[in-house]
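Peer 1: Handing you this structure, nothing more for now.
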Amino acid sequence: MEDNLKIILNEIENLANLNRFEEAFAKLDNLIKHNKKNPLFLNIRGVIRLRTNEFDLAITDFNKAIKIQPIYSEAHSNLGVAFRQVNKIDLAINSFKKSIALDETNIDALLNLGVTFFSLSWFFEAISIFEKVIKIQKENISSYLYLGASYLSLNKVEEALKFFLEGLKFNNKTPELFIGVGNCYKYLRKKEKAIEAYLNAFKLDKNNIQILYSLSDLNYSFSEEQILFLQNLANHENHHQYEYINFALFNFFNSRKDYDTAFFYLKKANDYLKNKVFYNHNASIEFPNKVKNIFNFIQKHDFNSEKVDKKLIFIIGMPRSGTSLLEQVLSSNNEIYAAGELKFIPSEMSSLFFKQTSAKQILKKLNEIKKNYLEIISNLTSKSIIVDKMPTNYFYIGFISRMFPNSKIIHINREPIATCFSNYKIFFESEQMQFTCDLEFIKDNYRIYEDLIKFWKTKGINNLLHIKYEDLTENPKKYFNLIFDFLEIDFNESFLNLENSSRAVTTASSNQVGNKIYKGSSEDWLHYKKHLFLLIKEFT
């Protein structure tokens, strides 16, 4: 009887693998009908329903299996997968946790819980889970990939590199691990090691054009054959990595100073992205008014603005305006921890403006944000001075000042055309940066940014300093002295020797900030002057 059952289950598996789902379901229905107290067949039917995207029916099957056998760890794990597919994340997490409580070695449940945490940007929780996995299954490559990615997301590049390299010890045929290593070395400004890692990745996956894009970002010297290969691919807009192809070609021809050809490919890349991504430009234009209205609404209400024991420094401004340069100099002081671009405040704050709520509820939410933010940074470092350089926190200057009254906020402003073009020429994968695929969108976002800065200037925010990027680069000693005085931190001229810094930079500026402070970067756009009439007309 047991052998017959194995044969039937193998038949069902083969039918499902051949996408002959109706026949597989018919055999399972018959098994369930004649084995009403056996949860196994319900669980299997639920798994196949996941494959046919019948998620509600899958949930029903898994629940029935669990009702028959409440300690069925695998069914709880599968139920979590089904809940995640219908975006019931809390229920999914609870199901994974129940599965693990029943069987601490259930690798699928652990991996699913870790991936769920990672997708929610709960990186500390994800790290904890994936570390458990590799204790049970030392060669689990997925866990090394997620551990590396989690630490990178926390701006902890050395830790990320350790896990990518550890994974390669067990499997050196995984291109994603080499890509992770390459990214880490790039952020650590170890260019040759980064190139070596990317080339190893490309040997394993020659269809992954994203690797060639990463190489182009390091000014790698492509052969003429490789350039012709990319140019041929650029003629096929249906290629699934079309944006990477054209950005790679832009980087190549830009490095050759063939600016017209470079812009041709840059425009192709951004036009493609504009059609590919969903960017709600009208919502972006309306959002600042929501911010102003909410702040004006709560401004007259008392807020629990007790001081915190850590000194928080927020660097804000338009993206590509010099925030990375400023952070790099500040973090040359060993007492300062550079946290990178923390997404928590914009993520939590943005949801606040789309709910009709009372002042009391808003203030309660702000207190929650404050509490959770402090918990995050305390997990990142034991240092008492922390820099958060999320540029788009300029939307929330007033709220940040209310939540953290003893913080320091530095607004850095750069020449508008230079800023706008610098955004246009960089491939940002973040949803927050989807506006950068169109010069009109960028121009409007710059005006929104200017308008918000004017608004905050009227609100009597005492812990806010305005600085110009061009002043920093033209006379760094004078203006960094001014900044450190504002921060009430001692300044040392050695902080300006960025070429000697070993600190990682994980933003789009990673290739620039490791060099000496460069005076002429706000004039680089002049090479593309004839293509930027829209920006020139708007800002001159």
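Peer 1: Below 8 Å, C-alpha to C-alpha, sequence gap of six or more: please give me the relative contact order for segment 215-276 in percent. Could the numbers behind the result be given before it?
Peer 2: Details: 55 pairs, mean separation 20.0, N = 62.
Normalised by residue count, the contact order of segment 215-276 is 32 percent.
Peer 1: For segment 158-240, which chymotrypsin sites (Phe, Trp or Tyr not before Pro) pass both filters: DSSP loop (anything but H, G, I, E, B) and at most 10 other C-beta atoms within 10 Å? Walk me through the intermediate numbers first.
Peer 2: On the way: sites: Phe163, Phe164, Phe170, Phe178, Tyr185, Tyr187, Tyr198, Phe202, Tyr213, Tyr220, Phe222, Phe229; in loops: Tyr220, Phe222.
Sites meeting the loop and neighbour criteria: none at all.
Peer 1: Would you mind pulling out the separation of the Cα centroids of segment 190-256 and segment 130-163, in Å?
Peer 2: Centre-to-centre (Cα) distance: 27 Å.
Peer 1: When a/c is below 1.5 the answer is rounded, else prolate if a/b is larger than b/c, else oblate, so apply that to segment 263-323 with a ≥ b ≥ c taken from the square roots of the Cα gyration tensor eigenvalues. Working shown, then result.
Peer 2: Working: a/c = 4.14, a/b = 1.84, b/c = 2.25.
The shape class here is oblate.
Peer 1: Could you pull out every one of the lysines with an alpha carbon less than 17 Å from that of Lys98, ignoring same-chain neighbours closer than 8 positions?
Peer 2: Lys64, Lys67, Lys88, Lys132
Peer 1: Determine the calculated [θ] at 222 nm for the chain from helices alone, applying -39500 (n - 2.57) to every DSSP H run no shorter than 4 residues and normalising by the residue count; nearest 500 deg cm²/dmol.
Peer 2: -19500 deg cm²/dmol, from helical runs alone.
Peer 1: Which angle from 0 to 90°, rounded to the nearest 10, does the C-alpha axis of helix 123-136 make with the longest principal axis of the chain?
Peer 2: 40
Peer 1: For a quick check of your reading of the filter: which GluC sites (Glu not before Pro) in segment 398-494 sit in a DSSP loop and have no more than 16 other Cβ atoms within 10 Å?
Peer 2: On the way: sites: Glu429, Glu431, Glu440, Glu450, Glu470, Glu474, Glu488, Glu493; in loops: Glu429, Glu488.
Answer in residue order: Glu429, Glu488.
Peer 1: When Lys and Arg each count +1 and Asp and Glu each count -1, what net charge do the other residues less than 12 Å away from Asp388, Cβ to Cβ, add up to?
Peer 2: Numbers: positive: Lys310, Lys311, Lys343, Lys389, Lys408; negative: Glu327, Glu341.
Net charge in that neighbourhood comes out at +3.
Peer 1: Any idea what angle helix 191-204 forms with the longest principal axis of the chain, computed on alpha-carbon atoms, 0 to 90 degrees, nearest 10?
Peer 2: Its long axis makes an angle of about 30 degrees.
Peer 1: Can you list the GluC sites (Glu not before Pro) in segment 293-355 that are in a DSSP coil and have 13 or fewer other beta carbons within 10 angstrom? Display every interim value, and only then the final one.
Peer 2: Values: sites: Glu306, Glu327, Glu335, Glu341, Glu348; in loops: Glu306, Glu335, Glu341.
Answer by residue number: Glu306, Glu335.
Peer 1: Using only the Cα atoms of segment 224-334, build the gyration tensor, take square roots of its eigenvalues as a ≥ b ≥ c, and label the shape rounded, prolate or oblate: rounded if a/c is under 1.5, else prolate if a/b is larger than b/c, else oblate. Write down the numbers at each step before the final one.
Peer 2: Values: a/c = 3.76, a/b = 1.86, b/c = 2.02.
It is oblate, given that a/c is not under 1.5 and a/b is not larger than b/c.
Peer 1: Moving on to the next point. Among the lysines, which have Cα under 18 Å from the Cα of Lys186 when same-chain residues fewer than 8 positions away are ignored?
Peer 2: Lys156, Lys162, Lys516
Peer 1: Related question: Note down the net charge around Lys173, summing +1 for each Lys or Arg and -1 for each Asp or Glu among other residues with Cβ under 13 Å from its Cβ. If you can, show how the numbers build up before the last one.
Peer 2: Numbers: positive: Lys169, Lys203; negative: Glu139, Glu176, Asp205.
Here the count lands on -1.
Peer 1: Tell me which label goes with the value of P(r) over Cα pairs in 10 Å bins from 0, in percent computed from the coordinates here: (1) 3, 14, 19, 22, 21, 15, 6, 1, 0; (2) 3, 15, 23, 25, 19, 10, 4, 1, 0; (3) 4, 18, 28, 27, 17, 6, 1, 0.
Peer 2: (2)
Peer 1: Too long at a 24 Å Cα-Cα cut-off: which of Lys300/Lys454; Lys6/Lys36; Lys343/Lys365; Lys138/Lys203; Lys425/Lys530? Walk me through the numbers on the way to the answer.
Peer 2: Values: Lys300/Lys454 20 Å; Lys6/Lys36 18 Å; Lys343/Lys365 17 Å; Lys138/Lys203 26 Å; Lys425/Lys530 15 Å.
The answer is Lys138/Lys203.
Peer 1: If you don't mind, there's one more thing I want to ask. I need the shape label for segment 146-240. Rule: rounded when a/c is under 1.5, else prolate if a/b > b/c, else oblate, with a, b, c from the alpha carbon gyration tensor.
Peer 2: Numbers: a/c = 2.07, a/b = 1.84, b/c = 1.12.
Taking the square roots of the gyration eigenvalues as a ≥ b ≥ c, segment 146-240 is prolate.
Rule-based calculations on the coordinates, nothing more; no lab input. Not measured: the values here are computed from a predicted model. All Cβ positions, even for glycine, are placed from backbone atoms using ideal geometry, and neighbour counts span all protein chains on display.
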